[in-house]
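**Student:** Before we start, here is the structure in question, set down as structure tokens.
Every read-out reported here was derived from the displayed coordinates using simple, explicitly stated rules and does not represent laboratory data. Note that the coordinates shown come from a computational prediction; the quantities given were computed from them, not determined experimentally. Counting neighbours? That spans all protein chains shown, and the Cβs are built from the backbone with ideal geometry, glycine included.
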């Protein structure tokens with residue numbers, strides 16, 4: 001989650017604090033792109049993935065179902 005926060009902060013600096021201009025680079029657009037990337041990184045790091053694991057054995061009539069929740073890294 002820390003890289004997402006860093007991208008968000010750097011993007012905000014580019015968008016709101018810098019007054020530099022370039023003929024080939026729009027600094028405000030670059031800042032907005034970095035902030036969107038930071039928000040996406042934070043949102044993805046907070047998501048959980050849910051998967052269901054089912055095990056069956058041939059010899060016995062045992063079926064075991066287990067729900068596993070883990071963070072998507």
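**Student:** Could you rank the peptides 23-33, 4-14 by their average count of other C-beta atoms within 10 Å per residue, with the highest value first?
**Tutor:** 4-14, 23-33
**Student:** Suppose the chain between residue 44 and residue 25 were pulled fully straight at 0.36 nm per residue; how much longer would it get relative to their current alpha carbon spacing?
**Tutor:** Details: separation 19, 0.36 × 19 = 6.84 nm, distance 2.83 nm.
Net length gain for the segment: 4.0 nm.
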